[in-house]
1. Restricting to region 112-136, name every residue that is hydrophobic (A, V, I, L, M, F, W, C) and not in a strand (DSSP E or B).
2. How many of the residues making up region 12-68 are of a type in the set (Gly, Ala, Ser) and within 22 Å of Thr120 (Cβ to Cβ)?
3. Do you know which residues across region 80-95 are surrounded by fewer than 17 Cβ atoms within 10 Å (Cβ to Cβ) and of a type in the set (Val, Ile, Thr)?
4. Take the residues of region 104-159 that are among the aromatic types (Phe, Trp, Tyr) and out of contact with any strand residue (DSSP E or B) (no Cβ under 7 Å at 6 or more places or on another chain): which is nearest to Ile66 (Cα to Cα)?
5. Yes or no: Trp150 part of a loop (DSSP other than H, G, I, E, B) and either among the aromatic types (Phe, Trp, Tyr) or over 30 Å from Ala93 (Cβ atoms) (or both)?
6. Restricting attention to region 43-60, does a residue exist that is assigned to a helix (DSSP H, G or I) and in contact (Cβ under 8 Å) with a residue 40 or more places away in the chain?
7. Residues of region 65-109 being among the hydrophobic types (A, V, I, L, M, F, W, C) and under 11 Å from Ile149 (Cβ atoms), which ones?
8. Taking the conditions exactly as written (crowded, with 18+ Cβ neighbours inside 10 Å and either touching a residue at least 40 places away in the same chain (Cβ under 8 Å) or more than 15 Å from the chain's Cα centre (by Cα) (or both)), does Trp119 satisfy them or not?
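Every number here is computed from the coordinates shown, using simple stated rules; none is lab data. Note that the coordinates shown come from a computational prediction; the quantities given were computed from them, not determined experimentally. Quick reminder, even Gly has a Cβ in these numbers, built from the backbone with ideal geometry, and neighbours come from all protein chains shown.
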Amino acid sequence: MSSFTVGETFITKNAALNTPELHIAIFAFLLHFVWELLQLPLFAGFDEVHYFTVILHCTKATAGDIVISLVAFWTASIVARSRYWFLKKQPIAVGVFIAAGLLITVVFEVLATGPLQRWTYSEAMPLLPLTGIGLSPLAQWVVLPLLQIWFVRRQVLGGR
């Protein structure tokens, strides 16, 4: 087991098991999978679908969310010039993390509900005026990244 210091924070590290990316991916999976399940009624075509199909669909969507989380994390890391930016209060890095996730989500939602016809919203989905983009996927990328950062920070610092 090795250790290192980030600023004034001393971190004990066990090789790949304590990389920020691994924690980002794990908490992205846990948080986004639950969100995907909960927002499913806001999408059309899932009323009479078999349970296994729902789980498969939500797992695929969550895999995409993990990729988005990692890209957003790396973007924030470039801006902050550290992969451990989440250990200190860095509002700019947090803003970049959220903004990158939102931007990617907006592009995917526009393509998926438009030219690619990958999914459609149900009548229950509230839409962002003038864009037709569902509010639930947008809220997902404001709320969950903040929770991810909180969980990842606690995990890397050993529960502190």
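1. Ala112, Leu116, Trp119, Ala124, Met125, Leu130, Leu135 - these are the residues of region 112-136 that are hydrophobic (A, V, I, L, M, F, W, C) and not in a strand (DSSP E or B).
2. 5
3. Ile92
4. Among them, the one singled out is Trp141.
5. no
6. Within region 43-60, not a single residue is assigned to a helix (DSSP H, G or I) and in contact (Cβ under 8 Å) with a residue 40 or more places away in the chain.
7. Passing the criteria: Ala72, Phe73, Ala76, Trp85, Phe86, Leu87, Ala93, Val94, Phe97, Ile98.
8. no
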